[in-house]
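The values are calculated or read from the model by the stated rules, or taken from the named source; none is laboratory data. Treat the numbers as computed from the prediction; the structure is a model and nothing was measured. When we count neighbours, we look across all protein chains shown, and the Cβ atoms used for this are built from the backbone with ideal geometry, even at glycine. Quick note on the areas: whole protein, heavy atoms, side chains included, nothing else; ligands and nucleic acids left out. Shrake-Rupley method; radii C 1.70, N 1.55, O 1.52, S 1.80 Å.
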Amino acid sequence: MDEPARPRHMAPVPSGHEAGPTAEELLVRVAKGDERAFELLYDQLAGPIYGLVRRIVRDAAQSEEVAQEVLVELWRTATRYAPERGSALNWAMTLAHRRAVDRVRSARASTEREQKATFEAARGRPFDEVAESVTARLERSQVRRCLTFLTDLQRESVLLAYYQGYTYREVAEVLSTPQGTIKTRLRDGLIRLRDCLGVTA
């Protein structure tokens with residue numbers, strides 16, 4: 001079943017006492033290749049799907065892309081929908097959640113691969129002078145040993161910043177913590193590392 005071309009301007013939604021078809025009815029019609037039913041279903045589900053995806057993916061452009069992928073998947077897999085198993089909205093949201101999580105995991109894996117390939121450059125990120133001295137002079141095995149002397153919060157922040165290449169802002173977002181607090185944790189953690197490793201700034 002070819003993907004339908006959705007027109008820029010949709011026909012007006014029925015008003016007054018006329019009740020439009022439900023998403024379940026529309027999905028059954030879509031399964032039979034009804035493009036008009038898909039247009040109406042699109043109008044009903046696009047908003048909720050995008051909202052869910054945006055909460056998971058966060059990035060607006062990627063969220064739009066994933067939402068479109070979900071809607072195309074609805075068109076292509078409509079024949080698999082069984083009304084007795086649940087609402088069309090729940091089915092669509094399940095697809096959306098799965099796609100969004102897959103996108104986040106894929107992006108994270110890609111980022112980690114890139115960071116691993118460029119570790120030497122990434123570990124020299126200019127967070128502060130202490131960071132530069134630590135990452136420039138010490139072997140990873142020594143750093144791992146001294147990481148055990150940090151608090152859990154300090155270690156978590158340092159690992160995200162220096163081993164996964166996150167910026168202050170990204171670490172703050174991942175840990176749901178103010179940037180100022182993250183900077184303090186990193187500074188204090190790196191000072192402990194410096195002292196443990198005997199590095200002079």
Taking into account only those residues within region 68-92 that are in contact with a Leu (Cβ under 6 Å, 6 or more places away or on another chain) and within 19 Å of Pro21 (Cβ to Cβ), which is most open to solvent (accessible area, probe 1.4 Å)? Tyr81
Residues of region 7-32 classified as open to solvent by less than 90 Å² (accessible area, probe 1.4 Å), modelled with pLDDT under 90 and within 30 Å of the chain's Cα centre (by Cα), total: 1
How about region 39-62: which of its residues are among the charged types (D, E, K, R), more than 30 Å from Glu170 (Cα to Cα) and either open to solvent by 50 Å² or more (accessible area, probe 1.4 Å) or outside any helix (DSSP H, G or I) (or both)? Asp43
From the list Glu65, Glu35, exactly one residue is over 30 Å from Glu170 (Cβ atoms) and open to solvent by 50 Å² or more (accessible area, probe 1.4 Å). Which is it? Glu35
Those helices (runs of 4 or more DSSP H) lying entirely in region 92-201 with at least 2 residues at pLDDT below 75: 119-122, 129-137, 140-147
Going through region 39-71 in order, the residues found to be of a type in the set (Ser, Thr, Tyr) and within 24 Å of Arg29 (Cα to Cα) are Tyr42, Tyr50
Members of region 75-90 found to be modelled with pLDDT of 90 or more and part of a helix (DSSP H, G or I), listed by number: Trp75, Arg76, Thr77, Ala78, Thr79, Arg80, Ala88, Leu89, Asn90
